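Where a number appears in this text, it was derived from the coordinates with a stated rule and is not lab data. In this text, all values refer to a predicted model and were calculated from it rather than measured experimentally. Ideal geometry is used to build each Cβ from the backbone, glycine not excepted, and the neighbour counts take in all protein chains shown.
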Amino acid sequence: MNKSWKRIRTRIRNLMKLGVPEWQAVRWGFTRRGGWHIVQSPILQTTLTNERLQKRGFIPTANIYKRFSHV
C-alpha cells in the first residue's frame with residue numbers, strides 16, 4: 001500500500017478495485033498498521049501479485065538477479 005492510501009475509505013475502494021471482496025476490503029481497510037508492516041500481510045500477498053505488477057511494467061527482482069548473477 002502506498003502513502004496515498006492513508007484514508008480508510010480510499011483503502012477500501014482501492015482494495016475492491018483489485019478484486020478483494022467487499023467484506024474483506026472493509027476488514028483490511030480498517031487496519032492501523034503502517035505500510036512496512038502490511039507488506040507481509042495477506043492484504044498485499046493476495047492482491048498485488050507479480051503478474052499484476054508485470055502488467056503495469058515492473059520487473060520482478062528475481063528476474064534482475066537471474067540476469068546478472070552469472071557475472
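Going through segment 1-58, which chymotrypsin sites (Phe, Trp or Tyr not before Pro) have at most 14 other Cβ atoms within 10 Å and a DSSP loop state?
Those satisfying the criteria are 30, 58.
Let me make sure I get this right: for the chain, a, b and c are the square roots of the gyration tensor eigenvalues over alpha carbons, sorted descending. Under 1.5 in a/c it's rounded, otherwise prolate if a/b > b/c, else oblate. Which is it?
prolate
Mind counting lysine pairs for me in the chain? Cα separation below 24 Å, and the two need to be 8 or more apart along the chain or on different chains.
Value for the chain: 5.
Read phi for every residue in segment 52-57 and hand back ³J(HN,Hα) as whole Hz from Karplus 6.51 cos²θ - 1.76 cosθ + 1.60, θ = phi - 60°, with x for Gly and Pro.
Values per residue, Gly and Pro as x: 5, 5, 5, 4, 8, x Hz.
Where the only charges are on Cβ atoms (+1 Lys, Arg; -1 Asp, Glu), what is the dipole of the chain about its Cα centre, to the nearest 20 debye?
320 debye
Taking 0.36 nm per intervening residue step and subtracting the Cα-Cα distance, what contour gain separates residue 58 from residue 4 on full extension?
17.5 nm
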